[in-house]
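Worksheet for the structure shown next.
The values are calculated or read from the model by the stated rules, or taken from the named source; none is laboratory data. Just so you know, these numbers come straight off a predicted model, no measurement behind them. Positions of Cβ are backbone-derived with ideal geometry, glycine not excepted, and every protein chain shown enters the neighbour counts.
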Amino acid sequence: MTNLTTMERTGGQAAGPKLWTVTQVAAALAIHARTVWRMAAEAEAGMGRFPRPLRLGPKTLRWQVADIDRYLADLAAGVGKPA
């Protein structure tokens, strides 16, 4: 899997925060969409370090790409792993 920066993924455009759907987040993390929902629910309950989604409407949730990038960087650095 190629690790692209946010600017590379957005074609160099930084007009505002880039938002991803659950399908896009799942693809970026190479996991199933259900796993994204489970991790998001755990984060809402105060468990886990997965980024919380933004609620744009009653049935519309999106994740900021910068939050997913930060999450991946923390995983790579071993932040939050038990000693």
Among the residues of region 44-72, the number that are more than 18 Å from Leu19 (Cα to Cα) and of a type in the set (A, V, I, L, M, F, W, C) is 2
Thr2: passes all of (1) of a type in the set (Val, Ile, Thr); (2) crowded, with 16+ Cβ neighbours inside 10 Å; (3) at pLDDT below 90 but (2)
